[in-house]
Structures are given as structure tokens and as C-alpha cells.
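Right, one structure below, let's go through it.
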Amino acid sequence: MNSATVRNLLVRGMLAGLGAGVLALIAAYFLGEPNVDSAISFEGHHSHEHEVEVVSRSLQSTAGLATGVLVYGVAFGGIAALAYCFALGRVGRFGPRATALLLSGTALLAVYVVPFLKYPANPPSVGDPDTIGKRTTLYFLMMLLSILLAIGATLLGKRLAPRLGNWYATFTAVAAFAVAIGLAYAFLPVINEVPDHFPATLLWRFRLSALAIQTVLWTAFGLLFGELADRLLNPRPAAERSTGQAVAASH
């Protein structure tokens, strides 16, 4: 793949990330923000300290949310596009669209779901401010381990495929990934800082909404980027385009 194609795919990945970020923003506003407001309300009723609000809640839930989600979408869209350039043709006989969907599904699993199951998202008022550095470090360590193990499982499956066949090679790679992740779960420390009397349903809704937002983001990215990549890598011949336009004009 030449540098011009890589550059074009990178641009398309960032655009797809932006489009996916818009959809994720809508999901975050309608699914996540009501739970954040409820958690802040709980904190206000149970805290005796009065903190000065540096940034208003209305600004956080609109401009702040939009900036964070869109920048996240563009950044990860660009990273995913570069990973796509490496993966295309190396992970199986998949076309551009199928590879994009496979990549986005793997990214959702490795980048978010696996770390989420060990260190799930928490709403405001959950977590000790003194341990935020430790919690952040552990979360990103779990994410890094998940990504590296996913890459390792992919390489293992490719190495075993000629001897075991695609089915058994894939099963073995997935099993190895699951065992390695299980060991990471077992050895990394557990963090449980949910305060007493915090509503269990609110915590559950917040975590489900966080998972839903990421699912929307990566699913939309896979579909959008797959379409853009397919148009770049498999352009329709000029004769086919002109025939299609003539048929459309005749109707």
C-alpha cells in the first residue's frame, strides 16, 4: 500500500471518526447525561462540603461533552485507520468493508469492553479523589494489556492456521486471549469505592449507558469507514458510473 493510499485512508478514518463521534454525542447526551445529573444530585445531598463550580454544569453537558467526544472520535478514527492499513489483507480474505467492521469490533472489545469489565466506568460521587492517579494508571494498564494480547492472539491464529485450519486456529487464539485476560483480571488489584447507600440502579444505568455510547461509536465508525475505504480501494469504473447516471436520468 503506497503512501498516498495510506494518507487517503487516514483522512477517511478521521472523517469517519468525526461522523461516528456525532452519533456517539447524541447517545451520550440522551443516555449518559441524565445519569450524570442524578449522580451529581446524590453527591450534593450527601456531601457536607460546598465546592466552587469552576465550569458550569450546562457548559459541561454541551460544549464540553461535544469537544471531548468529537476529539476522541477523530483521534481514534485516525489510529484505527492506520491499523486498518496494516490489517487489510493480513487478517484473512476480507474485503474493505468487512475488514473495517472486524477492526472496529476488535477495537471495541480490546480498547473498551475488556478494561471496562475489570474497571467499569463510574459516575460522579463514586471514587476516592486521593486514588484517582492509581485508578487511571490501572485502567490504562489494563487497556494496554488488552490491546497487546489481542494483537498477540491475532498473530497466534495466523501462525496456527496452516496447521490447524482456520476454525481451530481461531478457537485456540480466542481461548489463549481469554486465559491471558483472566490472569490479568486475577492479578491486577480490585477497586471498589462505591459509597454506602449509592443507588445500585443508577450505577447500573450509568455503566450500561457508557457501554452503549462506545458501542454506537465503534459500530458507526466501522460502517462509515468501511464505506469510505471501499470507495477508495474499489472505485467503480467510469463506464459503470456513466451507465448508472444514464439509467437514473431515463427514470
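The values are calculated or read from the model by the stated rules, or taken from the named source; none is laboratory data. Remember, predicted model here, so these are calculated numbers, not experimental data. Backbone-built Cβ (ideal geometry, glycine too); neighbour counts: all protein chains shown. Heads up: the accessible areas ignore ligands, DNA and RNA and are worked out on the full protein's heavy atoms, side chains in. Shrake-Rupley method; radii C 1.70, N 1.55, O 1.52, S 1.80 Å.
Things to note:
- Residue check, residue 104 hydroxyl-bearing (Ser, Thr, Tyr) and at pLDDT below 90: no
- Hey, residue 239 hydrophobic (A, V, I, L, M, F, W, C) and modelled with pLDDT of 90 or more or not: no
- Pairs, first closer than 22 Å to residue 39 by Cα in the stretch 125-142, second open to solvent by 30 Å² or more (accessible area, probe 1.4 Å) and of a type in the set (Lys, Arg), C-beta under 8 Å, six or more apart: 127/135
- Test for residue 18: is it surrounded by 15 or more Cβ atoms within 10 Å (Cβ to Cβ) and at pLDDT 85 or above: yes
- Any helices (runs of 4 or more DSSP H) falling wholly within the stretch 101-207 and containing at least 2 residues that are exposed (fewer than 13 other Cβ atoms within 10 Å of the Cβ) and among the hydrophobic types (A, V, I, L, M, F, W, C): 132-164, 166-187
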